[in-house]
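Just so it is clear, none of the values below were taken in a lab; they were calculated from the coordinates. Keep in mind it's a predicted model, so treat the numbers as computed, not measured. Note that each Cβ is placed from the backbone with ideal geometry, even for glycine, and that neighbours are counted across all protein chains shown.
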């Protein structure tokens, strides 16, 4: 049997790994690449806001809570996120640090009572994304350098107060995503310097969501919400940049070409139990289930053959994951409240398919927050201004597998990560 030259196997493998960067953010590997926090008040309680309402960001956590808002409500929020990370090679001991890049994630939420028992709401936020940036010369440069995904999620909802104790809700989910990804291309088999591969693409997805709230008494309430799985169809152009001295025969084998893939986004289930032992103190415990097991593989379709291949498949084998959270809020003064929260996130990423565009690891997360109520003198209604701080204590994760071996490096070693976030919200209730 005729053996295939090493580069024939190497180049499609590198392109496969390159596509794995789609949607792989830094610092949230425990949640896959989902963004689970919106609204500074809810973030201050570590997202434990499924069974009690903090504000219009209930559109994200549990739309059934919209029925507990006054006639009109509007919330503007934003999160300033600073992730960081470093890699310690198990082969050479060399230390490479990720390039620090701050992210700003804005969101807007609103609610409007449409009757005694009907409330409409809408949320515009980012539910998946961020990015990972490694130096151009780091050990794993053939696996990943730049990986970025930006999503816009539009989610209209309708909440119906069936009884004084029971509220149900439902809505539609529309997602738009833009991805820009890059890595180095190992051309040493041709005696050439590194090339570069980059893709810019975008896609859309549709889904739906449901919510339920039940009040057992004035002190106890339970909430459930569900977001359906979505398929994000990403279409773009794979651009391969070769060194100036590349022979025409090699360039013909490595063309730039349109490419597409489908990113399997998980279903999500939120649950919470709230307890208010006094008028000043509120506690909520709950969690999130994420159906990452549908993310079994990445299948890439190329419009033109690259090194003789048009379809490339990379196994992922992610597993479903759980998140647990606990939050408390204390009304310190009539117009001032303080909050705190804790969350534990287990990663869905197995050791066998771990790779550096997303180093999934378990996370312990702590939050603190402050809320200030303002009664407007010249405007109707009142305002609530919230500030919160979030710190992810991300477990170190070692990579010891063969992902990337065909590219010329596995980048096996120890990965360390950290993340800080400041969150602000301004809410108007009328």
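Relative contact order of the range 67-111, please, whole-number percent, based on alpha carbon pairs below 8 angstrom and at least 6 residues apart.
51 percent
For residue 362 and residue 405, FRET efficiency with R0 = 30 Å and r from the beta-carbon atoms, rounded to 0.05?
The pair residue 405/residue 362 has a calculated efficiency of 0.70.
Starting at 0 and stepping by 5 Å, how many percent of the alpha carbon pairs of the range 55-193 end up in each bin?
2, 9, 14, 14, 11, 10, 8, 8, 7, 6, 5, 3, 2, 1, 0
Fewest first, what order do 66, 76 take by the number of other Cβ atoms within 10 Å?
Ascending Cβ contact count within 10 Å gives the list 76, 66.
Arrange the following residues from fewest to most other Cβ atoms within 10 Å of their Cβ: 220, 318, 160, 134.
220, 160, 318, 134
Tell me, in nm to one decimal, what length is gained between residue 330 and residue 293 on full extension, where the rule is 0.36 nm per residue of separation less the Cα-Cα distance?
Full-extension gain reported as 9.5 nm.
Could you give the distance between the Cα centres of the range 139-209 and the range 39-70, to the whole Å?
24 Å
In µm²/s, what is D for the range 349-430 at 10 °C and 1.306 mPa s, where D = kT/(6 pi eta Rh) by Stokes-Einstein and Rh is the Kirkwood radius from Cα pairs?
Estimated diffusion coefficient is 98 µm²/s.
Can you compute the FRET efficiency between residue 228 and residue 301 using 1/(1 + (r/R0)^6), with r the Cβ-Cβ distance and R0 = 25 Å? Round to the nearest 0.05.
Here the calculated transfer efficiency is 0.50.
Return the FRET efficiency for the residue pair residue 136, residue 338: r is the Cβ-Cβ distance, R0 is 45 Å, and the value is rounded to the nearest 0.05.
About 0.50, to the nearest 0.05.
With N residues in the range 6-429, what two-decimal value do you get for its Cα radius of gyration over 2.2 N^0.38 Å?
Ratio of Cα Rg to 2.2 N^0.38 Å: 1.06.
Quick check: the angle from helix 6-19's long axis to the longest principal axis of the chain, C-alpha only, nearest 10 degrees?
10 degrees
Only Cα pairs under 8 Å and at least 6 apart count here; give the relative contact order of the range 6-429 as a rounded whole percent.
Value for the range 6-429: 21 percent.
For 233, 102, which order do you get if you count the other beta carbons within 10 Å of each Cβ and list the fewest first?
The order, fewest Cβ neighbours first, is 102, 233.
Starting from the Cα of residue 251, step 7 Å along the direction of its Cβ; do the same at residue 90; then give the gap between the two resulting points in nm.
Reported label-point gap for residue 251 and residue 90 is 4.1 nm.
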